[in-house]
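Only the coordinates and a few stated rules stand behind these numbers; no lab work does. Fair warning: this is a prediction, and the values are worked out from it, not measured in the lab. For neighbour counting, all protein chains shown are included, and Cβ atoms are generated from backbone atoms with ideal geometry for every residue, glycine included.
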Amino acid sequence: MSSPLRIGVLGAGHLGRIHLRCLQSLKDRWTTVGFYDPSPEAAMAVAQLSQEEGWTAPPRAFESAEALLGSVDAVAIVTPTPGHAGLAEAALAAGVHCFIEKPVTTHLLEAEALMAARDAAQKVVQVGHVERFNPAFEAARAHLQAPRFIEAHRLAPFNPRGLDVPVVLDLMIHDIDLALHALEGDVVRVAANGVAVVGDSVDIANARLEFSSGAVANLTASRVSINPMRKVRLFQSDAYLSVDLLNRSAQVMKLEDVAEGSERDPYGLYLDVPGRPARRLHIEEPEVGEANAIADELADFHAACSGQAPCRVPLEDGLAALRVATEVMERIEQSLTPST
């Protein structure tokens, strides 16, 4: 493994502090130089967390983003989404690799401009679609064989932290990314609707994505639910996969042909369809590890920055997810506009 690279964190709110904590477990890859957050309360929270968890030394609180960018090889941008584009452009101009939390930006034009800035700087830009690294999805992914239908439910209790963006960008974009990653073809049709419950932006949304391959994704997201849920179900020929991203479990149900005349398990479940060989339902629960998905994506970011491996979630993927999410929001807006 190459020597550690220097990294800083822009944004020390709830998620930023999680990144700082995860970096403590990656000292063989990253030297955490420090962080920048304009809020004095955030700096105090980092110092308190460092003391409570016994970090070797509290990360340095820089006085400005520019000062931090001048001291690092890479940066994790974990600020509210509206600030992503400007900070990433400044980082790339300073020759710094960028990890950008999802959604990559608020607007498509910002993300497209980052593509040009990244190419000019010849630096890595990775987007934080963390569910790609969820150990339950990783366990199920080995069983994926051209799924044709995905159904996802992502429900969360109300939390004012996410109100800087609509629920589509806050929550649904995770499952948009998984659908784009798992299904074949391009999105050719989007239908969506939603409801604003707490504030002015939509808090509950449903979207149907149709792909050029004929595959379909049906996605539901809510940030005003009583009980949290993050489940993805994938259907493919002769198999059904259920992935609980929240509780980190996976189940694979497959239909297997049964040889004619073979002895049957009295406790097995068999399907006898006229004109077809008998089939037995086989249920498997893949082993799901105890991995920390955020730590894993930061380790992957290091591998990309040090040239050891290609970036698994490049800027192109973040832009693709944002493009579909933008179309979903446009369809929701159309559904809420009274026809004349």
**Share of alpha-carbon pairs per 10 Å distance bin for segment 6-84, given as whole %** = 20, 58, 21, 0
**Fill in**
For Ser39 and Ala291, extending 7 Å from Cα along the Cα-Cβ vector and measuring point to point gives, in nm, a value of 3.0
**Asked** Between the DSSP loop rule and a limit of at most 16 other Cβ atoms within 10 Å, which GluC sites (Glu not before Pro) in segment 1-87 are left?
**Response** Glu63
**Item:** Residue exposure sequence - Ser201, Ser213 - by fewest surrounding Cβ within 10 Å
**Value:** Ser213, Ser201
**Prompt:** How much of the calculated P(r) for segment 1-138 lies past 24 Å, in percent of all Cα pairs?
**Reply:** 28
**Item:** Gyration tensor (alpha-carbon) shape descriptor, segment 270-340, a/c threshold 1.5
**Value:** oblate
**Prompt:** Spin-label point model (7 Å from Cα, Cβ direction): what's the Ile18 to Val198 distance in nm?
**Reply:** 1.6
**Request:** Please state, as a whole number in µm²/s, the translational diffusion coefficient that the Stokes-Einstein equation yields for segment 102-171 at 37 °C and 0.692 mPa s, with Rh defined as the Kirkwood radius across alpha carbon pairs.
**Result:** 214
**Message:** So, R0 is 25 Å and r is the distance between the beta-carbons of Glu210 and His107; what FRET efficiency does that work out to, to 0.05?
**Reply:** 0.55
**Prompt:** So for the chain: antiparallel DSSP bridges make up what percent, rounded to the nearest 5?
**Reply:** 60
**Request:** Taking amide H positions as placed in the peptide plane 1.01 Å from N, state which residues far from Ser213 in sequence (5 or more) or on other chains have amide H under 5 Å from it.
**Result:** Asp186
**Prompt:** Angle between the Cα long axis of helix 108-121 and the longest principal axis of the chain, 0 to 90 degrees, nearest 10?
**Reply:** 70
**Prompt:** Fully extended, how many nm does the chain gain between Gln251 and Asn227 (0.36 nm per residue separation, minus their Cα-Cα distance)?
**Reply:** 6.5 nm
**Prompt:** Given N residues in the chain, what is Rg(Cα) / (2.2 N^0.38 Å)?
**Reply:** 1.10
**Request:** Within the chain, what's the longest run with no trypsin sites (Lys or Arg not before Pro) in a DSSP loop and at most 15 other beta-carbon atoms within 10 Å? Give the range, please.
**Result:** 28-147
**Request:** May I ask for the Kirkwood hydrodynamic radius of segment 89-129, worked out over all distinct Cα pairs and given in angstroms to one decimal?
**Result:** 10.2
**Fill in**
Once normalised by the length of segment 41-96, the mean sequence separation of its alpha carbon contacts under 8 Å that are 6 or more apart gives a contact order in percent of 28
**Request:** Neighbouring Cβ atoms within 10 Å as the yardstick, rank Val165, Val124, Val243, Val273 fewest first.
**Result:** Val273, Val165, Val124, Val243
**Request:** May I ask for the Kirkwood hydrodynamic radius of segment 111-218, worked out over all distinct Cα pairs and given in angstroms to one decimal?
**Result:** 15.9
**Complete:** For segment 181-269, the Cα gyration tensor yields equivalent-ellipsoid semi-axes (√(5λ), largest first, whole Å) of 36, 20, 9
**the chain - percent relative contact order, Cα under 8 Å, separation 6 or more** = 18
**Prompt:** Hey, what angle do you get for helix 293-305 against the long axis of the chain, alpha-carbon based, 0 to 90 degrees rounded to 10?
**Reply:** 70
**Request:** Find the Cα radius of gyration of segment 162-313, compare it with 2.2 N^0.38 Å by division, and give the number to two decimals.
**Result:** 1.37
**Prompt:** Residue by residue, what Karplus-based ³J(HN,Hα) values in Hz, rounded to whole numbers, does segment 74-86 have, using 6.51, -1.76 and 1.60 with θ = phi - 60° and x for Gly and Pro?
**Reply:** 8, 9, 9, 9, 10, 8, x, 3, x, x, 4, 4, x
**Item:** Whole-Hz ³J(HN,Hα) from phi, Karplus 6.51 cos²θ - 1.76 cosθ + 1.60, for segment 215-224, glycine and proline x
**Value:** 6, 9, 10, 10, 10, 10, 9, 9, 10, 9
